[in-house]
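The values are calculated or read from the model by the stated rules, or taken from the named source; none is laboratory data. Remember, it's a predicted structure, so these values are computed and weren't measured experimentally. Cβ placement follows ideal geometry from the backbone for every residue including glycine, while neighbour counts extend to all protein chains displayed.
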Amino acid sequence: MAQNRKERVSKGMKGILTVVSGFAGAGKGTIMNTLIRDYPGYALSVSATSRRPREGEKEGVNYFFKTREEFEEMIKNDEFLEHAEYVGNYYGTPRAFVEKKLNEGLNVLLEIEIQGAMQIKKAFPDSLLVFIMPPSAAILKERLTNRGTESPEVIDKRMHRAVAESEGIENYDFIVINDEVDKCTETLHNIILSAAYQPVRQKEFIEQVRHDLKEM
Ligand code: 5GP
């Protein structure tokens, strides 16, 4: 994989922008952290949010925590690749980091919800959209409750939100079922590696060969 990245960089190829979505409690965060830890060639984007930090969350690691006013100022200054409101709070992807890492040939991961994912697909048609599914609805509810960081009202809101989000899953390129973290992470990694070979992500190379063929 490190070799792949070197090849991509030497050919001037950009990394793949991968959006990972999934219902709250589906285990996206764990999968992302495992992917970054166990496989080379990735960069994880840190989002900005107007929600308050949960216990143990760190500024600049989990999120850049902003007031609503600060967030709105950032929107005005066009500092986000995408942004959305989710359960009463703003969330957004800072533009500069993502563009820099993609240019360095790294595969950039965005862990964002579905409205943001659709904005990314529109702005970057060659981005890759992956939806992490829980093995079942019952297991999702159990995970959300066992997390113990949210009030019953918020858990309820997130379950309702999951119902709405489930309507949009067909817009994603792949689903991955999170029954076991290491297996799910490996599947996600393999999907991203394979996606690099889809024609939509090899446009420049295809054009080059086409051009050269005509010249011969
Ligand atoms: P949480 O409050 O549980 O950390 O995140 C709530 C939801 O917001 C999750 O679905 C998460 O993926 C999503 N999210 C996190 N960062 C961003 C972002 O930058 N943009 C968008 N659109 N959604 C985000």
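When Thr18 is tested against (1) surrounded by fewer than 21 Cβ atoms within 10 Å (Cβ to Cβ); (2) away from the ligand (no atom under 11 Å from the Cβ); (3) closer than 30 Å to Glu142 by Cα; (4) of a type outside the set (Lys, Arg), just one condition goes unmet, and that condition is (1).
For the condition part of a strand (DSSP E or B), in contact (Cβ under 8 Å) with a residue 24 or more places away in the chain and more than 9 Å from the ligand (Cβ to nearest atom), what is the one hit in Ala43, Ala84? Checking each option against the conditions leaves just Ala43. When you look at Glu142, is it in a helix (DSSP H, G or I), without any contact (Cβ under 8 Å) to a residue 12 or more places away in the chain and farther than 16 Å from Met32 by Cβ, yes or no? It is true that Glu142 is in a helix (DSSP H, G or I), without any contact (Cβ under 8 Å) to a residue 12 or more places away in the chain and farther than 16 Å from Met32 by Cβ. In the range 64-97, of all residues being of a type in the set (Ser, Thr, Tyr) and surrounded by 14 or more Cβ atoms within 10 Å (Cβ to Cβ), the one that is modelled with the lowest pLDDT corresponds to Tyr86. Close Cβ contacts (under 8 Å, 6 or more residues apart or on different chains) running from residues in the range 113-137 that are of a type in the set (S, T, N, Q) to residues that are within 13 Å of the ligand (Cβ to nearest atom) and part of a helix (DSSP H, G or I) comprise Ser127/Ile120; Ser127/Lys121. Selection over the range 128-164 of residues that are surrounded by fewer than 12 Cβ atoms within 10 Å (Cβ to Cβ), among the aliphatic types (A, V, I, L, M) and over 22 Å from Ala84 (Cα atoms) gives a count of 1.
Within the range 128-139, one or more residues are part of a helix (DSSP H, G or I), of a type outside the set (Gly, Ala, Ser) and at pLDDT 90 or above. In the condition set (1) buried (at least 20 other Cβ atoms within 10 Å of the Cβ); (2) away from the ligand (no atom under 16 Å from the Cβ), Glu113 is compliant with all but (2).
Conditions tested, residue by residue: (1) among the charged types (D, E, K, R); (2) in contact with a Leu (Cβ under 9 Å, 6 or more places away or on another chain).
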| residue | (1), (2) |
| --- | --- |
| Ala26 | no, yes |
| Arg37 | yes, no |
| Ser50 | no, no |
| Arg54 | yes, no |
| Asn62 | no, no |
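Of Ile120, Ile36, Ile75, all but one fail to be away from the ligand (no atom under 14 Å from the Cβ), of a type in the set (Val, Ile, Thr) and in a helix (DSSP H, G or I); the exception is Ile36.
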